[in-house]
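Asker: Mind looking over this structure? Questions follow.
The values are calculated or read from the model by the stated rules, or taken from the named source; none is laboratory data. None of the values given here were measured: they were computed from a predicted structure. All Cβ positions, even for glycine, are placed from backbone atoms using ideal geometry, and neighbour counts span all protein chains on display. Note: accessible area is taken over every heavy atom of the protein model, side chains too, but ligands, DNA and RNA are not part of it. Shrake-Rupley method; radii C 1.70, N 1.55, O 1.52, S 1.80 Å.
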Amino acid sequence: MADHKLSTDWSLEATSKRRAKYYAASQSKFVPFADPIVFKKGHGQYLWDNEGNKYTDLLGMNVCISVGHSHPRVVAAAMEQAQELTHCTTMFYHPMPAQLAEELSATMPKGHEWVVHFTNSGAEAVDLAMAMARTYTGNLDLLALRTAYHGPTSAAQSLTGISSWRHPGMPGNVAFVAEPNQYRGVFGPGTQPYLDEIDRTISSATSGRIAGMFVESVQGYGGIIEMPPGYMSGAAQRVRAAGGLYVADEVQSGFGRTGDQFWAFEADDVVPDIVVMAKGLGNGFPIGAVVARREIAQPMAEKFMFHTYGANPTSCAAARAVLAVIRDEGLQENAKIVGAALLDGLRDLQQRHSVIGDVRGSGLMLAIEMVKDRSTKEPDPDVTAAVFESCRTQRLILSKSGPFQSVLRMVPPLCLSIDDVSAVVSGLDRAFSEIS
Ligand code: PMP
(Lines give C-alpha, C1' and ligand atoms only; values in the text may rest on other atoms or scores of the structure.)
Protein backbone atom coordinates (compact mmCIF):
# COMPACT_ATOMS: atom_id res chain seq x y z
CA MET A 1 0.00 0.00 0.00
CA ALA A 2 2.79 2.44 1.06
CA ASP A 3 4.27 2.31 -2.46
CA HIS A 4 1.10 3.75 -3.88
CA LYS A 5 0.75 6.57 -1.36
CA LEU A 6 0.27 9.92 -3.08
CA SER A 7 3.20 12.16 -2.53
CA THR A 8 1.80 15.39 -1.08
CA ASP A 9 3.64 18.56 -0.13
CA TRP A 10 1.92 19.93 2.97
CA SER A 11 3.74 23.25 3.12
CA LEU A 12 1.71 26.44 2.91
CA GLU A 13 4.17 27.88 0.44
CA ALA A 14 3.85 25.02 -2.08
CA THR A 15 0.06 24.98 -1.89
CA SER A 16 -0.14 28.79 -2.25
CA LYS A 17 2.04 28.63 -5.35
CA ARG A 18 0.02 25.84 -6.92
CA ARG A 19 -3.29 27.55 -6.20
CA ALA A 20 -2.01 30.80 -7.69
CA LYS A 21 -0.76 29.05 -10.81
CA TYR A 22 -3.39 26.37 -11.42
CA TYR A 23 -6.69 27.47 -9.86
CA ALA A 24 -9.07 29.69 -11.82
CA ALA A 25 -9.55 33.03 -10.11
CA SER A 26 -13.16 32.06 -9.43
CA GLN A 27 -11.92 29.19 -7.23
CA SER A 28 -8.85 30.72 -5.64
CA LYS A 29 -10.04 34.19 -4.71
CA PHE A 30 -12.29 33.50 -1.75
CA VAL A 31 -9.94 33.15 1.23
CA PRO A 32 -11.51 34.20 4.52
CA PHE A 33 -8.50 35.35 6.57
CA ALA A 34 -5.81 37.79 5.39
CA ASP A 35 -3.28 34.93 5.59
CA PRO A 36 -4.30 31.48 4.34
CA ILE A 37 -4.35 28.31 6.46
CA VAL A 38 -3.63 24.74 5.37
CA PHE A 39 -5.82 22.34 7.34
CA LYS A 40 -4.47 18.87 7.72
CA LYS A 41 -6.64 17.07 10.22
CA GLY A 42 -10.04 17.23 11.81
CA HIS A 43 -11.69 15.44 14.68
CA GLY A 44 -15.06 16.25 16.22
CA GLN A 45 -15.41 20.03 16.51
CA TYR A 46 -11.68 20.65 16.10
CA LEU A 47 -9.26 21.24 13.24
CA TRP A 48 -5.47 21.15 13.10
CA ASP A 49 -3.35 23.09 10.61
CA ASN A 50 -0.22 21.77 8.90
CA GLU A 51 1.89 23.04 11.81
CA GLY A 52 -0.17 21.22 14.41
CA ASN A 53 -2.08 24.23 15.76
CA LYS A 54 -5.53 23.32 17.05
CA TYR A 55 -8.64 25.37 16.21
CA THR A 56 -12.29 25.16 17.25
CA ASP A 57 -14.34 24.95 14.09
CA LEU A 58 -17.38 27.18 14.55
CA LEU A 59 -18.04 27.05 10.82
CA GLY A 60 -18.18 23.26 10.37
CA MET A 61 -16.46 23.62 6.99
CA ASN A 62 -19.33 25.70 5.69
CA VAL A 63 -21.96 23.73 7.61
CA CYS A 64 -20.99 20.47 5.91
CA ILE A 65 -19.68 18.89 9.08
CA SER A 66 -22.81 18.02 11.01
CA VAL A 67 -21.69 15.21 13.31
CA GLY A 68 -18.00 16.05 13.68
CA HIS A 69 -14.93 15.99 11.45
CA SER A 70 -13.98 12.56 10.15
CA HIS A 71 -16.56 10.91 12.40
CA PRO A 72 -15.38 7.28 12.65
CA ARG A 73 -18.83 5.78 11.97
CA VAL A 74 -19.33 7.96 8.88
CA VAL A 75 -15.83 7.28 7.55
CA ALA A 76 -16.19 3.54 8.17
CA ALA A 77 -19.57 3.40 6.41
CA ALA A 78 -18.21 5.24 3.37
CA MET A 79 -14.96 3.23 3.27
CA GLU A 80 -16.75 -0.05 3.48
CA GLN A 81 -19.05 0.92 0.60
CA ALA A 82 -16.23 2.45 -1.52
CA GLN A 83 -14.17 -0.71 -1.18
CA GLU A 84 -17.08 -2.89 -2.25
CA LEU A 85 -18.53 -0.74 -5.07
CA THR A 86 -17.65 2.96 -5.21
CA HIS A 87 -20.34 3.98 -7.62
CA CYS A 88 -23.57 2.60 -9.00
CA THR A 89 -25.85 4.87 -11.00
CA THR A 90 -29.58 4.89 -10.37
CA MET A 91 -30.30 2.95 -13.57
CA PHE A 92 -29.02 -0.08 -11.64
CA TYR A 93 -30.51 -1.04 -8.31
CA HIS A 94 -28.59 -0.57 -5.07
CA PRO A 95 -29.99 -0.77 -1.56
CA MET A 96 -27.84 1.99 -0.01
CA PRO A 97 -29.62 4.99 -1.61
CA ALA A 98 -32.97 3.19 -1.47
CA GLN A 99 -32.64 2.76 2.30
CA LEU A 100 -31.39 6.34 2.72
CA ALA A 101 -34.47 7.55 0.80
CA GLU A 102 -36.68 5.63 3.22
CA GLU A 103 -34.80 7.00 6.23
CA LEU A 104 -34.97 10.61 4.95
CA SER A 105 -38.67 10.29 4.17
CA ALA A 106 -39.22 9.20 7.76
CA THR A 107 -37.87 12.56 9.01
CA MET A 108 -40.56 14.48 7.08
CA PRO A 109 -43.97 15.55 8.43
CA LYS A 110 -46.31 12.61 8.86
CA GLY A 111 -49.46 12.09 6.82
CA HIS A 112 -47.85 12.68 3.42
CA GLU A 113 -46.07 10.44 0.97
CA TRP A 114 -42.51 11.74 0.52
CA VAL A 115 -40.14 10.77 -2.28
CA VAL A 116 -36.47 11.59 -2.77
CA HIS A 117 -34.28 12.58 -5.74
CA PHE A 118 -30.57 12.57 -4.84
CA THR A 119 -28.13 15.11 -6.27
CA ASN A 120 -24.48 15.93 -5.58
CA SER A 121 -24.79 19.39 -4.07
CA GLY A 122 -27.20 21.93 -2.69
CA ALA A 123 -27.28 24.08 -5.80
CA GLU A 124 -28.09 21.08 -7.94
CA ALA A 125 -30.94 20.25 -5.60
CA VAL A 126 -32.18 23.86 -5.77
CA ASP A 127 -31.98 23.74 -9.54
CA LEU A 128 -34.00 20.52 -9.62
CA ALA A 129 -36.57 21.91 -7.18
CA MET A 130 -37.02 24.94 -9.48
CA ALA A 131 -37.63 22.66 -12.45
CA MET A 132 -39.99 20.52 -10.38
CA ALA A 133 -42.05 23.51 -9.23
CA ARG A 134 -42.29 24.90 -12.77
CA THR A 135 -43.12 21.51 -14.27
CA TYR A 136 -45.77 20.65 -11.69
CA THR A 137 -47.53 24.02 -11.76
CA GLY A 138 -46.95 24.92 -15.40
CA ASN A 139 -46.07 28.42 -14.16
CA LEU A 140 -42.77 30.22 -14.61
CA ASP A 141 -42.46 32.96 -12.01
CA LEU A 142 -40.79 32.26 -8.68
CA LEU A 143 -40.44 34.27 -5.49
CA ALA A 144 -37.38 34.41 -3.30
CA LEU A 145 -36.28 36.52 -0.36
CA ARG A 146 -33.81 39.34 -0.41
CA THR A 147 -30.56 38.34 1.31
CA ALA A 148 -31.28 34.73 0.32
CA TYR A 149 -28.46 32.46 -0.82
CA HIS A 150 -29.34 29.32 -2.78
CA GLY A 151 -26.11 28.34 -4.54
CA PRO A 152 -23.65 29.01 -7.35
CA THR A 153 -25.28 27.43 -10.42
CA SER A 154 -27.05 29.78 -12.83
CA ALA A 155 -30.49 28.71 -11.69
CA ALA A 156 -29.62 28.90 -7.98
CA GLN A 157 -27.99 32.32 -8.47
CA SER A 158 -31.21 33.55 -10.04
CA LEU A 159 -32.87 32.94 -6.64
CA THR A 160 -30.04 34.54 -4.66
CA GLY A 161 -30.84 37.95 -3.22
CA ILE A 162 -27.33 39.31 -2.51
CA SER A 163 -25.78 41.12 -5.50
CA SER A 164 -22.20 40.18 -4.66
CA TRP A 165 -23.14 36.51 -5.20
CA ARG A 166 -24.85 37.11 -8.55
CA HIS A 167 -22.94 37.12 -11.84
CA PRO A 168 -24.27 38.97 -14.85
CA GLY A 169 -26.62 37.22 -17.26
CA MET A 170 -28.29 34.80 -14.85
CA PRO A 171 -31.82 33.67 -15.82
CA GLY A 172 -34.78 35.69 -14.60
CA ASN A 173 -38.45 35.21 -13.72
CA VAL A 174 -37.69 35.56 -10.03
CA ALA A 175 -39.26 38.35 -7.98
CA PHE A 176 -37.72 39.20 -4.62
CA VAL A 177 -39.63 40.08 -1.47
CA ALA A 178 -38.23 41.76 1.62
CA GLU A 179 -36.72 39.31 4.07
CA PRO A 180 -38.53 39.40 7.42
CA ASN A 181 -35.40 40.44 9.28
CA GLN A 182 -36.52 41.29 12.79
CA TYR A 183 -33.45 43.43 13.50
CA ARG A 184 -33.12 45.55 10.40
CA GLY A 185 -35.89 44.54 7.97
CA VAL A 186 -37.42 47.32 5.85
CA PHE A 187 -40.79 46.95 7.60
CA GLY A 188 -39.32 46.70 11.11
CA PRO A 189 -40.17 43.83 13.45
CA GLY A 190 -43.32 41.75 12.98
CA THR A 191 -44.68 39.22 10.51
CA GLN A 192 -47.76 40.70 8.83
CA PRO A 193 -46.08 43.50 6.81
CA TYR A 194 -43.73 40.95 5.26
CA LEU A 195 -46.64 38.65 4.36
CA ASP A 196 -48.54 41.57 2.81
CA GLU A 197 -45.44 42.22 0.71
CA ILE A 198 -45.73 38.71 -0.77
CA ASP A 199 -49.26 39.47 -1.99
CA ARG A 200 -48.19 42.84 -3.38
CA THR A 201 -45.23 41.25 -5.18
CA ILE A 202 -47.33 38.46 -6.69
CA SER A 203 -49.82 40.98 -8.00
CA SER A 204 -47.22 43.41 -9.37
CA ALA A 205 -44.05 41.53 -10.39
CA THR A 206 -45.47 38.20 -11.63
CA SER A 207 -48.20 37.09 -14.02
CA GLY A 208 -50.34 36.46 -10.96
CA ARG A 209 -49.83 32.72 -11.19
CA ILE A 210 -46.54 31.49 -9.79
CA ALA A 211 -44.49 28.29 -9.71
CA GLY A 212 -43.48 28.74 -6.10
CA MET A 213 -41.44 30.44 -3.44
CA PHE A 214 -38.06 29.41 -2.05
CA VAL A 215 -37.34 30.20 1.60
CA GLU A 216 -34.31 29.24 3.67
CA SER A 217 -36.02 28.29 6.93
CA VAL A 218 -33.18 30.22 8.58
CA GLN A 219 -31.14 32.33 6.18
CA GLY A 220 -27.48 31.31 6.40
CA TYR A 221 -25.19 33.52 4.32
CA GLY A 222 -27.77 36.29 4.76
CA GLY A 223 -26.52 36.46 8.35
CA ILE A 224 -28.66 33.97 10.32
CA ILE A 225 -32.04 35.52 9.68
CA GLU A 226 -34.77 33.50 11.37
CA MET A 227 -38.28 33.55 9.96
CA PRO A 228 -40.61 35.14 12.55
CA PRO A 229 -43.59 33.13 13.88
CA GLY A 230 -46.29 32.68 11.27
CA TYR A 231 -44.11 33.75 8.36
CA MET A 232 -43.37 30.38 6.74
CA SER A 233 -46.95 29.12 7.10
CA GLY A 234 -48.38 32.48 5.98
CA ALA A 235 -46.06 32.58 2.98
CA ALA A 236 -47.03 29.01 1.99
CA GLN A 237 -50.72 29.97 2.15
CA ARG A 238 -50.25 33.02 -0.10
CA VAL A 239 -48.03 31.17 -2.55
CA ARG A 240 -50.51 28.29 -2.86
CA ALA A 241 -53.37 30.73 -3.41
CA ALA A 242 -51.43 31.94 -6.48
CA GLY A 243 -50.99 28.38 -7.76
CA GLY A 244 -47.43 27.93 -6.48
CA LEU A 245 -45.47 25.54 -4.28
CA TYR A 246 -43.69 26.32 -1.01
CA VAL A 247 -40.06 25.16 -1.12
CA ALA A 248 -38.02 25.00 2.09
CA ASP A 249 -34.25 25.28 1.64
CA GLU A 250 -32.83 23.35 4.61
CA VAL A 251 -29.29 23.13 3.24
CA GLN A 252 -27.89 24.99 6.27
CA SER A 253 -30.70 24.81 8.84
CA GLY A 254 -31.58 21.12 8.71
CA PHE A 255 -30.54 17.95 10.55
CA GLY A 256 -31.34 19.18 14.06
CA ARG A 257 -29.08 22.22 13.89
CA THR A 258 -31.67 24.64 15.26
CA GLY A 259 -32.14 22.43 18.34
CA ASP A 260 -35.90 22.32 18.80
CA GLN A 261 -36.66 20.79 15.42
CA PHE A 262 -34.99 18.37 13.04
CA TRP A 263 -36.09 20.61 10.14
CA ALA A 264 -36.22 24.33 10.84
CA PHE A 265 -39.51 24.70 8.93
CA GLU A 266 -41.17 22.65 11.70
CA ALA A 267 -40.88 25.71 13.97
CA ASP A 268 -43.88 27.10 12.10
CA ASP A 269 -45.94 23.98 11.49
CA VAL A 270 -45.69 24.49 7.75
CA VAL A 271 -45.66 21.41 5.52
CA PRO A 272 -43.55 22.34 2.48
CA ASP A 273 -44.27 20.92 -0.95
CA ILE A 274 -40.55 20.46 -1.58
CA VAL A 275 -37.58 20.37 0.80
CA VAL A 276 -34.02 20.94 -0.45
CA MET A 277 -31.05 19.63 1.54
CA ALA A 278 -27.30 18.98 1.20
CA LYS A 279 -24.20 19.88 3.27
CA GLY A 280 -24.74 18.27 6.70
CA LEU A 281 -26.40 15.25 5.12
CA GLY A 282 -23.04 13.85 4.02
CA ASN A 283 -20.82 15.24 6.84
CA GLY A 284 -18.39 16.27 4.10
CA PHE A 285 -19.20 13.62 1.51
CA PRO A 286 -20.86 15.35 -1.45
CA ILE A 287 -24.59 14.71 -1.53
CA GLY A 288 -27.77 16.72 -1.93
CA ALA A 289 -31.41 15.78 -2.11
CA VAL A 290 -34.80 17.05 -3.12
CA VAL A 291 -37.55 15.58 -0.99
CA ALA A 292 -41.02 16.22 -2.34
CA ARG A 293 -44.55 15.00 -2.00
CA ARG A 294 -45.05 12.13 -4.42
CA GLU A 295 -47.55 13.85 -6.71
CA ILE A 296 -45.32 16.92 -7.04
CA ALA A 297 -42.28 14.93 -8.18
CA GLN A 298 -44.34 12.83 -10.61
CA PRO A 299 -44.60 15.05 -13.74
CA MET A 300 -40.78 15.39 -13.94
CA ALA A 301 -40.71 11.75 -15.07
CA GLU A 302 -42.37 12.68 -18.35
CA LYS A 303 -38.95 13.76 -19.58
CA PHE A 304 -35.49 12.24 -19.12
CA MET A 305 -33.78 13.35 -15.90
CA PHE A 306 -30.61 11.69 -14.73
CA HIS A 307 -27.89 12.86 -12.32
CA THR A 308 -24.83 10.73 -13.03
CA TYR A 309 -23.55 10.82 -9.45
CA GLY A 310 -26.90 11.30 -7.75
CA ALA A 311 -27.51 8.43 -5.31
CA ASN A 312 -23.83 7.53 -5.27
CA PRO A 313 -23.74 4.66 -2.76
CA THR A 314 -20.54 5.84 -1.03
CA SER A 315 -22.06 9.24 -0.21
CA CYS A 316 -25.37 7.55 0.64
CA ALA A 317 -23.61 5.20 3.07
CA ALA A 318 -22.02 8.23 4.74
CA ALA A 319 -25.40 9.96 4.91
CA ARG A 320 -27.09 6.92 6.46
CA ALA A 321 -24.38 6.89 9.12
CA VAL A 322 -24.90 10.64 9.69
CA LEU A 323 -28.61 10.15 10.38
CA ALA A 324 -27.80 7.27 12.74
CA VAL A 325 -25.15 9.28 14.60
CA ILE A 326 -27.46 12.31 15.01
CA ARG A 327 -29.97 9.95 16.63
CA ASP A 328 -27.60 7.76 18.65
CA GLU A 329 -25.48 10.62 20.00
CA GLY A 330 -28.46 12.87 20.71
CA LEU A 331 -26.95 15.66 18.62
CA GLN A 332 -30.17 17.63 18.09
CA GLU A 333 -30.61 17.82 21.87
CA ASN A 334 -26.91 18.70 22.20
CA ALA A 335 -27.35 21.52 19.67
CA LYS A 336 -30.24 22.83 21.74
CA ILE A 337 -28.40 22.74 25.09
CA VAL A 338 -24.96 23.86 23.94
CA GLY A 339 -26.47 26.43 21.56
CA ALA A 340 -28.50 27.97 24.40
CA ALA A 341 -25.37 28.22 26.57
CA LEU A 342 -23.38 29.77 23.72
CA LEU A 343 -26.20 32.23 22.99
CA ASP A 344 -26.17 33.29 26.67
CA GLY A 345 -22.42 33.85 26.40
CA LEU A 346 -22.88 35.93 23.23
CA ARG A 347 -25.56 38.04 24.94
CA ASP A 348 -23.12 38.65 27.76
CA LEU A 349 -20.54 39.84 25.22
CA GLN A 350 -23.16 42.19 23.77
CA GLN A 351 -23.44 43.84 27.21
CA ARG A 352 -19.73 44.51 27.23
CA HIS A 353 -18.92 45.40 23.61
CA SER A 354 -20.90 48.27 22.14
CA VAL A 355 -20.04 47.29 18.54
CA ILE A 356 -22.34 44.28 18.90
CA GLY A 357 -25.73 45.46 17.70
CA ASP A 358 -27.54 42.14 17.67
CA VAL A 359 -27.12 38.56 18.82
CA ARG A 360 -29.49 35.97 17.39
CA GLY A 361 -30.21 32.42 16.35
CA SER A 362 -31.16 29.14 17.91
CA GLY A 363 -29.43 25.85 18.52
CA LEU A 364 -26.05 25.84 16.83
CA MET A 365 -26.98 28.40 14.18
CA LEU A 366 -25.99 31.68 15.80
CA ALA A 367 -24.76 35.13 14.83
CA ILE A 368 -23.50 38.42 16.15
CA GLU A 369 -23.98 41.54 14.07
CA MET A 370 -21.65 44.55 14.32
CA VAL A 371 -22.87 48.13 14.02
CA LYS A 372 -21.23 51.55 14.14
CA ASP A 373 -24.00 52.83 16.33
CA ARG A 374 -26.71 50.84 18.09
CA SER A 375 -29.37 53.46 17.41
CA THR A 376 -28.74 53.92 13.67
CA LYS A 377 -27.79 50.22 13.23
CA GLU A 378 -25.33 51.24 10.52
CA PRO A 379 -23.45 48.02 9.64
CA ASP A 380 -19.77 47.91 10.55
CA PRO A 381 -17.92 45.61 8.12
CA ASP A 382 -14.50 47.01 9.15
CA VAL A 383 -14.89 46.11 12.80
CA THR A 384 -16.32 42.75 11.75
CA ALA A 385 -13.27 42.07 9.60
CA ALA A 386 -10.92 43.09 12.44
CA VAL A 387 -12.68 40.89 15.01
CA PHE A 388 -12.71 38.07 12.50
CA GLU A 389 -8.92 38.30 12.08
CA SER A 390 -8.48 38.38 15.87
CA CYS A 391 -10.62 35.26 16.14
CA ARG A 392 -8.04 33.50 14.06
CA THR A 393 -5.39 34.45 16.62
CA GLN A 394 -7.74 32.96 19.24
CA ARG A 395 -7.87 29.81 17.09
CA LEU A 396 -11.56 30.17 16.35
CA ILE A 397 -12.80 29.51 12.82
CA LEU A 398 -16.06 31.21 11.95
CA SER A 399 -17.53 33.13 9.04
CA LYS A 400 -18.21 36.70 7.96
CA SER A 401 -21.70 36.80 6.50
CA GLY A 402 -24.63 38.99 5.61
CA PRO A 403 -25.16 41.44 2.75
CA PHE A 404 -22.84 43.94 4.47
CA GLN A 405 -20.27 41.40 5.73
CA SER A 406 -21.07 42.68 9.19
CA VAL A 407 -22.17 39.43 10.79
CA LEU A 408 -20.09 36.71 12.43
CA ARG A 409 -21.89 33.44 11.78
CA MET A 410 -21.47 30.34 13.93
CA VAL A 411 -22.60 26.96 12.61
CA PRO A 412 -20.28 24.45 14.31
CA PRO A 413 -20.52 20.66 14.14
CA LEU A 414 -23.49 19.58 16.26
CA CYS A 415 -21.10 17.86 18.69
CA LEU A 416 -19.73 21.17 20.02
CA SER A 417 -19.65 20.47 23.75
CA ILE A 418 -20.70 22.47 26.76
CA ASP A 419 -17.03 22.45 27.79
CA ASP A 420 -16.15 24.35 24.58
CA VAL A 421 -18.54 27.19 25.31
CA SER A 422 -16.47 29.14 27.84
CA ALA A 423 -13.33 28.86 25.69
CA VAL A 424 -15.26 30.10 22.65
CA VAL A 425 -16.84 33.00 24.56
CA SER A 426 -13.56 34.06 26.18
CA GLY A 427 -11.78 33.79 22.80
CA LEU A 428 -14.42 36.03 21.24
CA ASP A 429 -14.18 38.38 24.22
CA ARG A 430 -10.41 38.72 23.70
CA ALA A 431 -10.96 39.25 19.95
CA PHE A 432 -13.41 42.09 20.64
CA SER A 433 -11.18 43.57 23.37
CA GLU A 434 -8.18 43.58 21.02
CA ILE A 435 -9.93 45.78 18.46
CA SER A 436 -11.36 48.33 20.88
N1 PMP B 1 -28.79 26.68 -0.18
C2 PMP B 1 -28.22 27.21 0.90
C3 PMP B 1 -29.10 27.77 1.98
C4 PMP B 1 -26.83 27.25 1.01
O5 PMP B 1 -26.27 27.79 2.09
C6 PMP B 1 -26.04 26.68 0.00
C7 PMP B 1 -24.52 26.64 0.07
N8 PMP B 1 -23.95 27.44 0.97
C9 PMP B 1 -26.67 26.14 -1.12
C10 PMP B 1 -28.06 26.13 -1.17
C11 PMP B 1 -25.88 25.55 -2.25
O12 PMP B 1 -25.25 24.41 -1.84
P13 PMP B 1 -23.92 23.87 -2.61
O14 PMP B 1 -22.82 24.82 -2.28
O15 PMP B 1 -23.75 22.49 -2.06
O16 PMP B 1 -24.25 23.88 -4.05
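Asker: Please report the antiparallel percentage of DSSP beta bridges with both residues in the chain, rounded to the nearest 5. Each step should come with its number before you reach the end.
Answerer: Working: 34 of 50 bridges.
If we restrict to bridges inside the chain, about 70 percent are antiparallel.
Asker: Roughly how compact is region 74-328, stated as its Cα Rg over 2.2 N^0.38 Å to two decimals? Numbers along the way, then the final one.
Answerer: Numbers: Rg = 17.8 Å, N = 255, 2.2 N^0.38 = 18.1 Å.
Scaled against compact globular proteins, the figure is 0.98.
Asker: How many percent of the accessible area of region 295-436 is carbon or sulfur, using a 1.4 Å probe?
Answerer: Details: 2930 of 5840 Å².
In region 295-436, the share of accessible area belonging to carbon and sulfur is 50 percent.
Asker: What distance in nm separates the two pseudo spin-label positions at R240 and T8, each 7 Å out from Cα along the beta-carbon direction?
Answerer: Each label point lies 7 Å from its Cα, and together they span 4.9 nm.
Asker: May I pose another question? What shape does region 98-163 have by the C-alpha gyration tensor, where a ≥ b ≥ c are the square roots of the eigenvalues, rounded means a/c under 1.5, and otherwise prolate means a/b greater than b/c and oblate the rest? Could you put the intermediate results ahead of the total?
Answerer: On the way: a/c = 2.10, a/b = 1.68, b/c = 1.25.
Taking the square roots of the gyration eigenvalues as a ≥ b ≥ c, region 98-163 is prolate.
Asker: Give me the number: length gained by fully extending M79 to E113, i.e. 0.36 nm times residue separation minus the C-alpha to C-alpha distance, one decimal in nm.
Answerer: 9.0 nm
Asker: Taking a ≥ b ≥ c as the square roots of the Cα gyration tensor eigenvalues, with a/c under 1.5 meaning rounded and otherwise prolate when a/b beats b/c, else oblate, which class fits region 210-333? Could the numbers behind the result be given before it?
Answerer: Values: a/c = 2.13, a/b = 1.12, b/c = 1.91.
The shape class here is oblate.
Asker: Could I ask something else about it? In nm, give the distance between the simple-model label positions of Q351 and S375, each being 7 Å from the Cα along the Cα-to-Cβ direction.
Answerer: Those two pseudo-labels are separated by 2.4 nm.
Asker: Gain in length, E434 to N62, computed as 0.36 nm per residue apart minus the alpha-carbon separation, to one decimal in nm? Walk me through the intermediate numbers first.
Answerer: Values: separation 372, 0.36 × 372 = 133.92 nm, distance 2.61 nm.
Stretched out fully, the E434 to N62 stretch lengthens by 131.3 nm.
Asker: Okay, next question. How long is the gain from Y93 to K29 if the chain were fully straight, where each residue apart is worth 0.36 nm and the alpha carbon distance is subtracted?
Answerer: Extra length available between Y93 and K29 comes to 18.9 nm.
Asker: Hey, can you rank 307-317, 406-416 by average C-beta count inside 10 Å, highest first?
Answerer: Ranked by mean Cβ neighbours within 10 Å, highest first: 406-416, 307-317.
Asker: Is the shape of the chain best called rounded, prolate or oblate, per the rule: a/c under 1.5 gives rounded, else a/b larger than b/c gives prolate, else oblate, with a ≥ b ≥ c the square roots of the Cα gyration tensor eigenvalues? Spell out each step's value before the answer.
Answerer: Numbers: a/c = 1.57, a/b = 1.08, b/c = 1.45.
Oblate is the answer for the chain, as a/c is 1.5 or above yet b/c matches or exceeds a/b.
Asker: For the charge dipole of the chain, defined by +1 on Lys and Arg C-beta atoms and -1 on Asp and Glu C-beta atoms about the Cα centroid, which residue among A235, P193, Y23 has the Cα displaced farthest towards the positive pole?
Answerer: Y23
Asker: Which net charge results for the neighbourhood of S401, defined as the other residues with beta-carbon distances under 11 angstrom from its beta-carbon, given Lys and Arg at +1 and Asp and Glu at -1?
Answerer: Details: positive: K400, R409; negative: E369.
For residues surrounding S401, the net value is +1.
Asker: Something else about it: Under the rule of -39500 (n - 2.57) per DSSP H run of 4 or more residues, summed and divided by the residues of the chain, what mean residue ellipticity at 222 nm is obtained, to the nearest 500 deg cm²/dmol? All intermediate terms of the calculation are to be shown ahead of the outcome.
Answerer: Numbers: 14 runs with 162 residues, N = 436.
The per-residue figure over the chain is -11500 deg cm²/dmol.
Asker: Continuing with this model, one more query. Can you give me the Cα centroid spacing of region 58-90 and region 290-334 in angstrom?
Answerer: Centre-to-centre distance over Cα atoms comes out at 14 Å.
Asker: In debye, nearest 20, what is the charge dipole magnitude of the chain about its Cα centre with +1 on Lys and Arg Cβ and -1 on Asp and Glu Cβ, if you could check? Walk me through the numbers on the way to the answer.
Answerer: Working: 38 positive and 46 negative charges, 156 e Å.
Here the size comes out at about 760 debye.
Asker: Using a 1.4 angstrom probe, figure out how much accessible area region 22-158 has per residue, in square angstrom, rounded to the nearest whole.
Answerer: Numbers: 6880 Å² over 137 residues.
Using a 1.4 Å probe on heavy atoms only, each residue of region 22-158 averages 50 Å².
Asker: Ordered by packing density, taken as the mean number of other Cβ atoms within 10 Å over each peptide's residues, highest first, how do 125-133, 375-383, 388-396 rank? Don't skip to the answer; put the middle values down first.
Answerer: On the way: 125-133: 26.3, 375-383: 14.9, 388-396: 18.6.
The peptides rank, most packed first, as 125-133, 388-396, 375-383.
Asker: Efficiency by 1/(1 + (r/R0)^6): what FRET value for E51 and E295, r their Cβ-Cβ distance, R0 = 35 Å, to the nearest 0.05?
Answerer: Numbers: r = 55 Å, r/R0 = 1.58.
Between E51 and E295 the formula returns 0.05.
Asker: Loop-only check: which GluC sites (Glu not before Pro) in region 12-89 are DSSP coil with at most 12 other Cβ within 10 angstrom? Walk me through the numbers on the way to the answer.
Answerer: Numbers: sites: E13, E51, E80, E84; in loops: E51.
In loop regions of region 12-89 (DSSP not H, G, I, E or B), the sparsely surrounded GluC sites (Glu not before Pro) are E51.
Asker: Can you order the peptides 153-166, 223-236 by their average number of other Cβ atoms within 10 Å per residue, highest first? Present the calculation step by step, with values, prior to reporting the outcome.
Answerer: Details: 153-166: 17.9, 223-236: 23.0.
Result, highest mean Cβ count within 10 Å first: 223-236, 153-166.
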